[in-house]
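Colleague: My questions will all concern the structure given below.
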Amino acid sequence: MIYVNGDSFTAGTGLSDHEFIPEFEKYNNISYQNYHNMRIKYIHLLPSKDPLMDAIIAYDIRNKELSWPILMSRILGTEVINTAQGGSSMSSILYRTLLDLTKLKMEGVTPKTVIIMLTCENRITLVQTHAVIHEPTLQGKQSWIRSIVLSQPLESNHPFSSIVKETVLRQSKNDLITKWLLEVALLKNVVKSLTGTYPIIAAPMFVTNQVIKHIKNEKLINHPHFFELIQESGILNMNPELIMQPINILPDGHYDNETHAVFAEKISTYIQTLNDKEKNI
């Protein structure tokens, strides 16, 4: 069994859009917000018992069926649990991984391999116990763990608007990078403590590029309190085979189906190599 967690680049957001948005190929030049609004309109047209929630769940499930973790599972012939959720911060990925692996351990199951795909550093996580809750099973949505992108403008009446503004005012880029590095390091050690093995760390190319660029520009590695976190995170020494490089970009900014297929092949080969080394082949 392989356990996978991450954000929309692991959940496969956008991969099924071509199946239910008429003339999908014509929407490469409209704004993200306009495209997102149009997509929601078509999601409402999906067959469902609950006109909104079931349709969104059906959309998420179809995206995951086309995502690299499921393609990887077919290549390796191995069961894969993909609990990634779009918009996740490193905090929410950490929380979900801890909850999921603990539950599996209580059931007497330990995944042979854990893969964590990194997300952006400019996200914060809020816990909302009054949110609409789907039973937080391994494959279900844990909507009470909500992530907000700090760089994404919110309407003034949005319930999180004031929190985002306050966070942006109080948190420097270095603060966010420090938090991100700490969460990556914690994730690695949490997985090691629960499974006995460190996770495979993967990332979309733009995530590694922007974090490494900031570390180098600010010369953070020269600061003692950053140096240890940078080393623990392993961000400067990531295997190129585990960095997801875009072939084409979807209208919503996500990587396309071909990118997912190529990455599934790459990470499958990586895992097979690890397994062969274990067996001394």
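The values are calculated or read from the model by the stated rules, or taken from the named source; none is laboratory data. All of these numbers come straight from a predicted model, not from anything done at the bench. For neighbour counting, all protein chains shown are included, and Cβ atoms are generated from backbone atoms with ideal geometry for every residue, glycine included.
Colleague: So Ser268 passes all but one of these: (1) surrounded by fewer than 18 Cβ atoms within 10 Å (Cβ to Cβ); (2) part of a helix (DSSP H, G or I); (3) at pLDDT 90 or above. Which condition number does it fail?
Modeller: (1)
Colleague: Filter segment 16-35 for residues that are in a helix (DSSP H, G or I) and surrounded by 13 or more Cβ atoms within 10 Å (Cβ to Cβ) and give the result.
Modeller: Of everything in segment 16-35, those that are in a helix (DSSP H, G or I) and surrounded by 13 or more Cβ atoms within 10 Å (Cβ to Cβ) turn out to be Asp17, His18, Phe20, Phe24, Tyr35.
Colleague: Has segment 181-189 got at least one residue that is of a type outside the set (S, T, N, Q), at pLDDT below 90 and surrounded by 18 or more Cβ atoms within 10 Å (Cβ to Cβ)?
Modeller: Checked against the condition, which is being of a type outside the set (S, T, N, Q), at pLDDT below 90 and surrounded by 18 or more Cβ atoms within 10 Å (Cβ to Cβ), segment 181-189 yields no hits at all.
Colleague: Take the residues of segment 36-58 that are in a helix (DSSP H, G or I), over 12 Å from Ile21 (Cα atoms) and in contact with a helix residue (DSSP H, G or I) (Cβ under 9 Å, 6 or more places away or on another chain): which is modelled with the highest pLDDT?
Modeller: Among those residues, the one meeting the criterion is Ala58.
Colleague: Ile70: under 22 Å from Glu265 (Cβ atoms), at pLDDT 95 or above and in contact with a Leu (Cβ under 9 Å, 6 or more places away or on another chain), yes or no?
Modeller: No.
Colleague: Conditions first: (1) closer than 24 Å to His254 by Cα; (2) of a type outside the set (Gly, Ala, Ser); (3) modelled with pLDDT under 65. Val211 passes all but one, so which condition is the exception?
Modeller: (3)
Colleague: When segment 193-228 is examined, which residues are found to be in contact (Cβ under 8 Å) with a residue 40 or more places away in the chain, surrounded by fewer than 16 Cβ atoms within 10 Å (Cβ to Cβ) and not in a helix (DSSP H, G or I)?
Modeller: Gly196, Thr197, Glu218
Colleague: Exactly one of (1) part of a helix (DSSP H, G or I); (2) out of contact with any Pro (no Cβ under 8 Å at 6 or more places or on another chain); (3) under 22 Å from His18 (Cα atoms); (4) not small (Gly, Ala, Ser) is unmet by Asp252. Its number?
Modeller: Unmet condition: (1).
Colleague: Now for a separate question. Which of (1) over 12 Å from the mean Cα position of the chain (by Cα); (2) in a helix (DSSP H, G or I); (3) at pLDDT 95 or above is the odd one out, the single condition Val114 does not satisfy?
Modeller: The number of the failed condition is (2).
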